[in-house]
Amino acid sequence: MLRALLLAPPGAGKGTQGDRLAEAYGVPHLATGDLLRQHVEEGTPVGLEAKRFMDRGELVPDRVVVDLVSRHLAGPEPLPGFVLDGFPRTLPQAKTAYDWGKTHDRTFHAVVSLDVPEDELVRRLLERGRRSGRTDDTEDTIRRRLAVYKENTRPLLDFYRDRGVLHEIDGTGEVEEVTRRIRDALDPLVASG
Ligand code: ADP
């Protein structure tokens, strides 16, 4: 059973790789961005609050996200395995997740970071914006999201490196190639239980 977190900037391929890894390891793929977009679409109170942050490329407040994740992930019967993408994304979120994981025997086996140069990230996101029409994939918002990643999320790499679970993977090249690199890092963890 695998509990993995994908920790990478916007455009690095968390969604794509998350789907492929979830399938490979037989666990659900949970993406807080998708959960939030679903709430926005349905016009729930969480969605209404989240939307104004998401549209500006800002992070949704920790309390909203922690509440959302705990409802989907940490209920009375917490999922034994998952590939998580998009949470935690701030140090307070990481500390909350870690403390909760310690108490419930649900800490991450692996945190996978995907390294992709910034100009490639911008190129991919603009392309995605053209194709999918995701409202936060516009040039200004993309720049803001990358800045927010550097400031708030990148420090989590040290947090997980210190805990010995970080795997830094080259996120450039073909999708299959990237999946292969990640699996080479994760397969031994799953085999050893
Ligand atoms: P990307 O990684 O391309 O920015 P996501 O779908 O992961 O795409 O996230 C989209 C938006 O959802 C973020 O810009 C942010 O506003 C919000 N969001 C997602 N996860 C979190 C989180 N853990 N904490 C705060 N905001 C979040």
> Taking the stretch 73-86 as the region of interest, how many residues are free of Cβ contacts under 8 Å to residues at least 60 places away in the same chain and either buried (at least 18 other Cβ atoms within 10 Å of the Cβ) or under 14 Å from the mean Cα position of the chain (by Cα) (or both)?
Replying inline: 1
> From the residues in the stretch 133-148 that are within 10 Å of the ligand (Cβ to nearest atom) and assigned to a loop (DSSP other than H, G, I, E, B), which one is most open to solvent (accessible area, probe 1.4 Å)?
Replying inline: ARG134
> Do any residues in the stretch 53-72 that are closer than 28 Å to ASP140 by Cβ have Cβ atoms under 7 Å from those of residues that are within 7 Å of the ligand (Cβ to nearest atom) and of a type in the set (Lys, Arg), where the two are at least six apart or on different chains, and which pairs are they?
Replying inline: GLY57/ARG145; LEU59/ARG89
>> Residue under question is PRO92, and the condition is that it be open to solvent by 50 Å² or more (accessible area, probe 1.4 Å) and of a type outside the set (Ser, Thr, Tyr); does it hold?
In response: yes
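Quick one: is VAL27 more than 11 Å from the ligand (Cβ to nearest atom) and among the aliphatic types (A, V, I, L, M)? Give the steps one after another, and end with the answer.
Numbers: more than 11 Å from the ligand (Cβ to nearest atom): yes; among the aliphatic types (A, V, I, L, M): yes.
Considered against the rule, which asks whether it is more than 11 Å from the ligand (Cβ to nearest atom) and among the aliphatic types (A, V, I, L, M), VAL27 comes out as yes.
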>> For the stretch 149-161, give me the residue count where each residue is more than 9 Å from the ligand (Cβ to nearest atom), open to solvent by less than 60 Å² (accessible area, probe 1.4 Å) and within 16 Å of GLU58 (Cβ to Cβ).
In response: 0
>> Looking at (1) in a helix (DSSP H, G or I); (2) closer than 22 Å to MET54 by Cα; (3) modelled with pLDDT of 95 or more, which one does ARG130 not meet, given that it meets all the others?
In response: (3)
> Are there any pairs, at least 6 apart or on different chains, whose C-beta atoms fall under 8 Å, with the first in the stretch 14-34 and closer than 18 Å to LEU125 by Cα and the second assigned to a helix (DSSP H, G or I) and among the polar types (S, T, N, Q), and if so, which?
Replying inline: GLN17/THR179
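The values are calculated or read from the model by the stated rules, or taken from the named source; none is laboratory data. In this text the structure is predicted, and so the values were computed from the model without any measurement. Note: ideal-geometry Cβ built from the backbone for every residue, glycine included; neighbour counts use all protein chains shown. In case anyone asks, the SASA skips ligands and DNA or RNA and just uses the protein heavy atoms, side chains included. Shrake-Rupley method; radii C 1.70, N 1.55, O 1.52, S 1.80 Å.
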